[in-house]
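So the structure is just underneath, and the comments pick up after that.
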Amino acid sequence: MRIAQLSDIHVNDGRYEQALIDTAVDEVNADAPDLVVIAGDLTANGYREEFESARERLDRLRCPEVVYVPGNHDAMSVGYLHFEDLFGPRAHRRVIDVADTGRVQVVCVDSSKPDIDDGEVGRELYGWIADGFSGEAELRVFVMHHHLVAIPATGRDRNQVWDAGDLLELLRSLRVDIVLGGHRHVPHVWPIGAMFLVHSGTASTRRVRGYAHPSYNMVTVTADLLEVEMRVPGAERELLARFARPVGLAGQWRPVEAARPMRGMGL
Ligand SMILES: [Fe+2]
Ligand SMILES: [Fe+2]
């Protein structure tokens, strides 16, 4: 199964470049993934015309399965109302049947709060999340904008979701395989036991410092491997992480190639 993961599009930001998102969409269309995840911060300020422009750019995606969650920028003031009008419910779940994989459960939540950068999912959603991951599945995918664990090379962390501990425990107990998010504009993969926290960079802005570039992720899951490729729209592609799947219930994911250390960290 292939999942294209894009986030932090930030339409109308001073450092937004429409050509980057258009190129990324063209590349994703060419690869025809099974699922496209848009992991929040579609806009700069949560204004309606920004959402309309994001909708226009993303309507070019040809994948039949595209899921969206809002980010903190989309939730400014009551910006989330425009998100709901143009992109649908802020929390949703679905099951998709993927030819070479089988039954895949996808649960998406809104981790944003109006007018603050911090995030929280909230315990009132935990039962609904658990229902979305009940029953048999070959792969369980959880999507939210914010992060559960701090991302290296993004400064001093302030925006881990408030209920990160509870969520990590909940998602682990529900046997979630992959958590997809964005927010810090830097791609990263954290293996947490048998679960992977995969973050995409900013797809279409120059809101990156040091030597990071705008990027999105292509996540590939096979019977043997989980692989995350970072792609700069129209430019380089780089393997971010490759892990071998565990064999049997007691198996541990084994890094084939560990997550790439961020350049500029002196590692
Ligand atoms: Fe962002
Ligand atoms: Fe964000």
**OP:** Check whether at least one residue in the range 36-58 is buried (at least 18 other Cβ atoms within 10 Å of the Cβ) and either more than 24 Å from Val208 (Cα to Cα) or at pLDDT below 95 (or both), and report yes or no.
**Re:** no
**Request:** Go through the residues of the range 189-197 one by one and say whether even a single one is in contact with a Gly (Cβ under 9 Å, 6 or more places away or on another chain) and at negative phi.
**Result:** yes
Picking from Val179, Val161, Val228, the residue that is under 23 Å from Ile9 (Cβ atoms), in contact with a helix residue (DSSP H, G or I) (Cβ under 9 Å, 6 or more places away or on another chain), in contact (Cβ under 8 Å) with a residue 24 or more places away in the chain and more than 15 Å from ligand 2 (Cβ to nearest atom) would be Val179
Filter the range 118-163 for residues that are within 25 Å of Ile3 (Cβ to Cβ) and of a type in the set (Phe, Trp, Tyr); the one that is surrounded by the fewest Cβ atoms within 10 Å (Cβ to Cβ) is Trp128
In the range 197-233, residues that are modelled with pLDDT of 95 or more and of a type in the set (Phe, Trp, Tyr) total 1
Residues of the range 21-44 being in a loop (DSSP other than H, G, I, E, B), within 16 Å of ligand 2 (Cβ to nearest atom) and either polar (S, T, N, Q) or on the phi < 0 side of the Ramachandran plot (or both), in sequence order, are Ala39, Leu42, Ala44
Does the range 11-31 contain any residue that is of a type in the set (A, V, I, L, M, F, W, C), surrounded by fewer than 23 Cβ atoms within 10 Å (Cβ to Cβ) and closer than 29 Å to Ala223 by Cβ?
yes
Exception for Glu136 within (1) within 16 Å of ligand 2 (Cβ to nearest atom); (2) in a loop (DSSP other than H, G, I, E, B); (3) out of contact with any Phe, Trp or Tyr (no Cβ under 7 Å at 6 or more places or on another chain) falls at (1)
Matching residues in the range 152-197 (within 16 Å of ligand 1 (Cβ to nearest atom) and not acidic (Asp, Glu)) number 16
Any chance Arg90 is of a type in the set (D, E, K, R), at pLDDT 95 or above and in contact with a strand residue (DSSP E or B) (Cβ under 6 Å, 6 or more places away or on another chain):
no
Point to revise | Residue in the range 244-259 that is modelled with pLDDT of 90 or more and among the aromatic types (Phe, Trp, Tyr) present | key: no
Out of (1) away from ligand 2 (no atom under 16 Å from the Cβ); (2) in contact with a Cys (Cβ under 8 Å, 6 or more places away or on another chain), the one Thr101 does not meet is (2)
If we ask which residues in the range 176-195 are modelled with pLDDT of 95 or more and either part of a strand (DSSP E or B) or open to solvent by 50 Å² or more (accessible area, probe 1.4 Å) (or both), their number turns out to be 4
Confirm whether Glu50 is closer than 17 Å to Ile21 by Cβ and within 16 Å of ligand 1 (Cβ to nearest atom). yes
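The values are calculated or read from the model by the stated rules, or taken from the named source; none is laboratory data. Fair warning: this is a prediction, and the values are worked out from it, not measured in the lab. Note that each Cβ is placed from the backbone with ideal geometry, even for glycine, and that neighbours are counted across all protein chains shown. Each accessible area value is taken on the protein alone, full model and side chains, heavy atoms only, with ligands, DNA and RNA left out. Shrake-Rupley method; radii C 1.70, N 1.55, O 1.52, S 1.80 Å.
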